[in-house]
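Here is the structure we will look at, set down as structure tokens.
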Amino acid sequence: DIKIEPSPDDKLHLTYYETKRSNVEITKEADSLLVKEISVGTWFDLGFNFTTEETGATLLVPTQYEGAITVSTHTGQVEVKDVVVTALHAKNNTGRVAIENVKTNRMEIDVFTGSVLVANCEVEELMFEATTGKVAIEGSQIVHGITGAVSTGKVSIAKTSSEQVQISATTGAIILDELDIGKSAVLKTSTGRIAGTIADKSDAFTVRSHT
């Protein structure tokens with residue numbers, strides 16, 4: 001598992017674990033700190049880079065940090081809480097990505113099989129893609145737009161505002177609960193359903209169905 005949380009001071013703190021099966025290599029590349037697990041070969045980039053599969057890592061980020069974070073892991077859980085960064089990219093092949101109370105200009109999430117939670121976040125632009133799983137966006141303010149795609153699974157957006165929304169699902173459902181749309185929303189499913197409520201817009205949208 002990978003955790004990213006606030007630092008208690010003005011320094012970055014990294015805690016990682018090594019086993020007999022894996023060693024951690026730390027190097028500096030341009031403006032990034034690279035942290036790689038040698039035996040696995042997956043990596044986590046943060047302006048820093050982590051890689052982990054069976055071991056774990058925790059990064060504590062100071063409030064004045066002005067860089068981007070990219071997290072990539074093969075399996076397990078990625079948790080990002082209570083930090084402010086310029087950009088956040090979270091990628092997990094199999095597992096869960098949970099992002100809570102995060103403020104960033106750009107957030108990008110990729111999950112092959114698993115679940116995604118974005119809760120109480122302030123984001124300029126949010127993008128997500130999931131092959132199989134669930135994506136939940138709750139209580140967040142997305143300034144410019146949400147763009148997402150799910151092959152098989154469910155997308156739910158609750159009590160969230162966004163200027164524009166564009167979401168597609170091949171097989172699955174898109175469920176809305178008081179989604180506050182500034183300008184426009186395009187929601188598409190091939191086989192599935194779209195249901196829910198749009199805040200204060202009961203007479204300001206059009207529904208089209210094609211079979």
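The values are calculated or read from the model by the stated rules, or taken from the named source; none is laboratory data. Nothing here was measured: the structure is a model prediction, and the numbers come from that model. Cβ: placed from backbone, ideal geometry, glycine included. Neighbour counts: every protein chain shown. The area values use the complete protein model at the heavy-atom level, side chains included, leaving out ligands, DNA and RNA. Shrake-Rupley method; radii C 1.70, N 1.55, O 1.52, S 1.80 Å.
Observations
- Gyration tensor (alpha-carbon) shape descriptor, the stretch 89-183, a/c threshold 1.5: oblate
- Dipole magnitude of the stretch 75-184 about its Cα centre (Cβ charges: Lys, Arg +1; Asp, Glu -1), debye to nearest 20: 260
- Just the protein heavy atoms count here, and of the accessible area of the stretch 53-132 at 1.4 Å, carbon and sulfur take up 45 percent.
- ³J(HN,Hα) computed for each position of the stretch 167-184 - Karplus, 6.51 cos²θ - 1.76 cosθ + 1.60, integer Hz, glycine/proline x: 9, 10, 9, 6, 10, x, 9, 10, 10, 10, 9, 6, 6, 9, 9, x, 10, 8
- Over the stretch 120-206, relative contact order from alpha-carbon pairs under 8 Å, at least 6 apart, %: 22
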